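Data block below; observations after.
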Amino acid sequence: VTGQISSTRTDWHSQVVQAEAKLLSEFHRWLRREPLFPIRRQLGKAVTTDPANPEAITLFITCSPLHLARLPWESWEVSAEFGQHRPICIARLPANIHTAATPAKKDRRKARVLVIIGDETGLDLSGDLQAIDTLSALADIHQVGWRPGMNVSDLAKTICHKISDRNGWDMLFFFGHSNEAESVGGEISIAPHTTVTMRELEPYLKQAQQNGLQFALFISSKGLDIADTLVYLGLNQVVV
(Lines give C-alpha, C1' and ligand atoms only; values in the text may rest on other atoms or scores of the structure.)
Protein backbone atom coordinates (compact mmCIF):
# COMPACT_ATOMS: atom_id res chain seq x y z
CA VAL A 1 0.00 0.00 0.00
CA THR A 2 1.37 3.37 -0.94
CA GLY A 3 0.09 6.75 0.03
CA GLN A 4 0.88 10.07 1.64
CA ILE A 5 0.20 11.25 5.14
CA SER A 6 -0.55 14.94 5.57
CA SER A 7 -0.67 16.91 8.77
CA THR A 8 -2.88 19.89 9.54
CA ARG A 9 -0.56 21.06 12.33
CA THR A 10 0.63 24.63 11.74
CA ASP A 11 4.30 25.43 12.16
CA TRP A 12 3.83 28.68 14.06
CA HIS A 13 7.57 29.32 14.36
CA SER A 14 7.92 29.22 10.60
CA GLN A 15 4.91 31.50 10.22
CA VAL A 16 6.43 34.04 12.63
CA VAL A 17 9.82 33.97 10.88
CA GLN A 18 8.18 34.54 7.49
CA ALA A 19 6.01 37.35 8.84
CA GLU A 20 9.03 39.02 10.45
CA ALA A 21 11.02 38.86 7.21
CA LYS A 22 8.11 40.34 5.24
CA LEU A 23 7.59 43.13 7.79
CA LEU A 24 11.28 44.10 7.80
CA SER A 25 11.42 44.06 4.01
CA GLU A 26 8.41 46.36 3.72
CA PHE A 27 9.67 48.59 6.55
CA HIS A 28 13.13 49.06 5.04
CA ARG A 29 11.59 49.77 1.64
CA TRP A 30 9.43 52.48 3.24
CA LEU A 31 12.47 53.97 5.04
CA ARG A 32 14.18 54.51 1.67
CA ARG A 33 11.29 56.58 0.31
CA GLU A 34 11.60 60.28 -0.49
CA PRO A 35 9.79 61.74 2.60
CA LEU A 36 12.64 60.49 4.82
CA PHE A 37 15.40 61.84 2.59
CA PRO A 38 15.96 65.04 4.70
CA ILE A 39 16.66 62.87 7.77
CA ARG A 40 19.13 60.69 5.88
CA ARG A 41 20.82 63.79 4.45
CA GLN A 42 21.34 65.28 7.95
CA LEU A 43 22.70 61.98 9.22
CA GLY A 44 25.03 61.80 6.23
CA LYS A 45 26.45 65.19 7.11
CA ALA A 46 26.94 64.17 10.74
CA VAL A 47 28.77 60.91 10.04
CA THR A 48 31.09 62.39 7.43
CA THR A 49 31.92 65.71 9.15
CA ASP A 50 34.55 64.14 11.41
CA PRO A 51 35.14 60.55 10.20
CA ALA A 52 38.16 60.17 12.51
CA ASN A 53 35.89 60.60 15.55
CA PRO A 54 34.94 57.06 16.71
CA GLU A 55 32.13 58.29 18.96
CA ALA A 56 28.72 57.01 17.89
CA ILE A 57 25.94 59.35 16.82
CA THR A 58 22.61 58.79 18.56
CA LEU A 59 19.43 59.24 16.54
CA PHE A 60 16.53 59.89 18.91
CA ILE A 61 13.14 58.91 17.51
CA THR A 62 9.82 60.15 18.90
CA CYS A 63 6.75 58.34 17.59
CA SER A 64 3.15 59.47 17.71
CA PRO A 65 0.60 57.91 17.42
CA LEU A 66 1.41 54.61 19.12
CA HIS A 67 1.11 52.42 16.01
CA LEU A 68 4.22 54.15 14.63
CA ALA A 69 6.10 53.37 17.85
CA ARG A 70 5.39 49.68 17.32
CA LEU A 71 7.51 49.64 14.16
CA PRO A 72 11.00 48.09 14.56
CA TRP A 73 12.96 51.34 14.27
CA GLU A 74 16.05 49.78 15.86
CA SER A 75 16.41 47.57 12.77
CA TRP A 76 16.95 50.64 10.52
CA GLU A 77 20.36 50.01 8.97
CA VAL A 78 20.83 53.68 8.18
CA SER A 79 24.59 53.62 8.82
CA ALA A 80 25.03 51.18 5.91
CA GLU A 81 24.16 54.01 3.51
CA PHE A 82 27.27 55.98 4.48
CA GLY A 83 30.01 53.34 4.39
CA GLN A 84 32.57 52.88 7.14
CA HIS A 85 32.02 56.09 9.09
CA ARG A 86 30.86 56.86 12.63
CA PRO A 87 28.29 54.35 13.91
CA ILE A 88 24.68 55.45 14.37
CA CYS A 89 22.70 54.25 17.40
CA ILE A 90 18.92 54.51 17.51
CA ALA A 91 17.11 55.36 20.76
CA ARG A 92 13.53 56.30 21.47
CA LEU A 93 12.47 59.48 23.21
CA PRO A 94 8.99 60.37 24.53
CA ALA A 95 7.34 63.49 23.19
CA ASN A 96 7.44 64.98 26.69
CA ILE A 97 9.82 64.54 29.63
CA HIS A 98 8.47 66.02 32.83
CA THR A 99 11.40 65.51 35.23
CA ALA A 100 15.16 65.79 34.83
CA ALA A 101 17.20 62.65 35.41
CA THR A 102 18.65 62.14 38.88
CA PRO A 103 22.41 61.58 39.30
CA ALA A 104 23.45 58.13 40.48
CA LYS A 105 24.12 57.61 44.19
CA LYS A 106 27.89 57.60 44.70
CA ASP A 107 27.97 56.24 48.25
CA ARG A 108 26.74 52.71 47.52
CA ARG A 109 29.20 49.81 47.57
CA LYS A 110 26.89 47.79 45.35
CA ALA A 111 24.09 48.73 43.03
CA ARG A 112 20.67 48.12 44.59
CA VAL A 113 18.28 46.21 42.34
CA LEU A 114 14.56 45.62 42.88
CA VAL A 115 13.14 42.64 40.94
CA ILE A 116 9.35 42.41 40.66
CA ILE A 117 8.01 39.02 39.55
CA GLY A 118 4.52 39.51 38.16
CA ASP A 119 2.00 37.14 36.60
CA GLU A 120 4.03 34.55 34.71
CA THR A 121 1.12 32.45 33.41
CA GLY A 122 2.28 30.68 30.27
CA LEU A 123 5.82 32.04 30.61
CA ASP A 124 9.08 30.33 31.50
CA LEU A 125 11.14 32.84 33.47
CA SER A 126 13.63 30.32 34.88
CA GLY A 127 16.43 31.47 32.57
CA ASP A 128 15.78 35.12 33.33
CA LEU A 129 15.81 34.55 37.08
CA GLN A 130 19.01 32.51 36.83
CA ALA A 131 20.60 35.41 34.98
CA ILE A 132 19.54 37.74 37.79
CA ASP A 133 21.13 35.40 40.33
CA THR A 134 24.49 35.70 38.56
CA LEU A 135 24.47 39.42 39.40
CA SER A 136 24.37 38.80 43.14
CA ALA A 137 28.14 39.24 43.47
CA LEU A 138 27.91 42.67 41.86
CA ALA A 139 24.59 43.98 43.13
CA ASP A 140 22.33 43.94 46.18
CA ILE A 141 19.24 42.21 44.77
CA HIS A 142 15.78 42.19 46.37
CA GLN A 143 12.84 40.25 44.94
CA VAL A 144 9.12 40.67 45.45
CA GLY A 145 6.35 38.89 43.61
CA TRP A 146 3.22 36.82 43.55
CA ARG A 147 3.00 33.27 44.80
CA PRO A 148 -0.08 31.00 44.86
CA GLY A 149 -2.29 31.79 47.83
CA MET A 150 -1.09 35.39 48.23
CA ASN A 151 -3.58 38.16 48.92
CA VAL A 152 -3.29 40.35 45.82
CA SER A 153 -4.33 43.51 47.66
CA ASP A 154 -1.51 43.03 50.17
CA LEU A 155 0.87 42.22 47.31
CA ALA A 156 0.07 45.50 45.56
CA LYS A 157 0.79 47.42 48.77
CA THR A 158 4.04 45.53 49.26
CA ILE A 159 5.20 46.32 45.72
CA CYS A 160 4.42 50.03 46.17
CA HIS A 161 6.23 50.07 49.51
CA LYS A 162 9.27 48.33 48.01
CA ILE A 163 9.48 50.69 45.03
CA SER A 164 9.49 53.75 47.30
CA ASP A 165 11.99 52.28 49.79
CA ARG A 166 13.85 55.19 51.42
CA ASN A 167 17.19 53.45 50.75
CA GLY A 168 16.53 53.81 47.05
CA TRP A 169 17.25 51.62 44.02
CA ASP A 170 19.63 51.93 41.11
CA MET A 171 17.74 49.50 38.88
CA LEU A 172 14.19 48.18 38.64
CA PHE A 173 13.42 44.89 36.84
CA PHE A 174 9.96 43.56 36.05
CA PHE A 175 9.21 40.06 34.72
CA GLY A 176 5.71 39.06 33.67
CA HIS A 177 2.78 40.21 31.58
CA SER A 178 2.06 43.86 30.82
CA ASN A 179 -0.15 45.77 28.44
CA GLU A 180 -0.55 49.09 26.68
CA ALA A 181 -3.09 51.44 28.22
CA GLU A 182 -2.53 54.96 26.94
CA SER A 183 -4.88 56.73 29.35
CA VAL A 184 -3.03 55.36 32.41
CA GLY A 185 0.52 55.03 31.02
CA GLY A 186 0.42 51.24 30.67
CA GLU A 187 -0.24 48.51 33.19
CA ILE A 188 1.54 45.51 34.67
CA SER A 189 0.01 42.22 35.78
CA ILE A 190 1.22 41.50 39.32
CA ALA A 191 -0.83 38.30 39.67
CA PRO A 192 -3.30 36.31 37.55
CA HIS A 193 -6.24 38.57 36.64
CA THR A 194 -4.76 41.43 38.68
CA THR A 195 -3.19 44.52 37.13
CA VAL A 196 -1.73 47.74 38.47
CA THR A 197 -1.53 50.81 36.26
CA MET A 198 1.50 53.03 35.95
CA ARG A 199 -0.68 55.93 37.10
CA GLU A 200 -1.26 54.10 40.38
CA LEU A 201 2.48 53.44 40.70
CA GLU A 202 3.49 56.98 39.71
CA PRO A 203 3.88 58.50 43.21
CA TYR A 204 6.02 55.55 44.31
CA LEU A 205 8.11 55.67 41.12
CA LYS A 206 8.64 59.41 41.63
CA GLN A 207 9.97 58.68 45.10
CA ALA A 208 12.24 55.98 43.68
CA GLN A 209 13.51 58.37 41.03
CA GLN A 210 14.27 60.99 43.66
CA ASN A 211 16.13 58.30 45.65
CA GLY A 212 18.42 57.54 42.72
CA LEU A 213 16.60 55.12 40.40
CA GLN A 214 18.44 55.21 37.07
CA PHE A 215 17.38 52.27 34.95
CA ALA A 216 14.35 50.04 34.38
CA LEU A 217 14.13 46.76 32.47
CA PHE A 218 10.75 45.23 31.61
CA ILE A 219 10.74 41.67 30.28
CA SER A 220 7.11 41.82 29.28
CA SER A 221 4.82 42.35 26.31
CA LYS A 222 3.38 45.63 25.01
CA GLY A 223 5.52 47.92 27.13
CA LEU A 224 5.85 51.07 24.99
CA ASP A 225 3.44 53.07 27.18
CA ILE A 226 5.35 51.92 30.25
CA ALA A 227 8.69 53.01 28.79
CA ASP A 228 7.35 56.46 27.92
CA THR A 229 5.89 56.86 31.42
CA LEU A 230 9.17 55.98 33.14
CA VAL A 231 11.28 58.30 30.98
CA TYR A 232 8.67 61.03 31.45
CA LEU A 233 9.21 60.64 35.21
CA GLY A 234 12.95 61.16 34.82
CA LEU A 235 14.60 57.74 34.50
CA ASN A 236 17.86 57.85 32.55
CA GLN A 237 17.26 54.69 30.54
CA VAL A 238 14.43 52.22 30.04
CA VAL A 239 14.49 48.92 28.16
CA VAL A 240 11.31 47.03 27.23
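Things worth noting here:
- Cut-off under 5 Å, modelled amide H: who pairs with residue 220 long-range: none
- GNM remark for the chain: springs join alpha carbons under 10 Å apart, and the peak mean-square fluctuation among 33, 199, 147 falls on 33.
- DSSP bridge analysis restricted to the range 99-240 gives an antiparallel fraction near 25%, rounded to the nearest 5.
- Residues of the range 206-240 with an amide N closer than 20 Å to a point placed 7 Å from the Cα of residue 20 along the Cα-to-Cβ direction: 218-224, 239-240.
- Anchor residue 110: aspartates and glutamates whose Cα lies under 13 Å away (excluding residues fewer than 8 positions away in-chain): 140, 170
- Once the Kirkwood radius over Cα pairs is known for the range 149-240, the Stokes-Einstein relation at 25 °C and 0.890 mPa s delivers a diffusion coefficient of 188 µm²/s.
- The chain, accessible area per residue, ligands and nucleic acids excluded (1.4 Å, Å²): 62
- Candidates 110, 22, 206, ranked by Gaussian network fluctuation over the chain, Cα under 10 Å, top entry: 22
- Estimated distance in nm for a label pair at residue 34 and residue 158, the labels positioned 7 Å out from Cα along Cα-to-Cβ: 6.1
- Where a label projected 7 Å from the Cα of residue 180 along Cα→Cβ would reach, residues of the range 202-240 with amide N under 15 Å: 221-229, 240
- Ellipticity at 222 nm from helices only: DSSP H runs of n ≥ 4 in the chain, each -39500 (n - 2.57), divided by the residue count, give -10000 deg cm²/dmol.
- Amide H contacts under 5 Å for residue 140, placed H, 5+ residues apart: 111, 112, 113
- Taking every full run of DSSP H in the chain, the ones that stretch at least 24 Å from end to end by Cα along their long axis and average -0.5 or higher on the Kyte-Doolittle scale are 12-31.
- Solvent-accessible area, 1.4 Å probe, carbon plus sulfur percent, for the chain: 53
- More than 27 Å apart - percent of Cα-Cα pairs taken over the chain: 49
The values are calculated or read from the model by the stated rules, or taken from the named source; none is laboratory data. Here the structure is a predicted model, which is why all the values come from computation and not from measurement. Positions of Cβ are backbone-derived with ideal geometry, glycine not excepted, and every protein chain shown enters the neighbour counts. All accessible areas refer to the heavy atoms of the entire protein, side chains included, with ligands and DNA or RNA removed. Shrake-Rupley method; radii C 1.70, N 1.55, O 1.52, S 1.80 Å.
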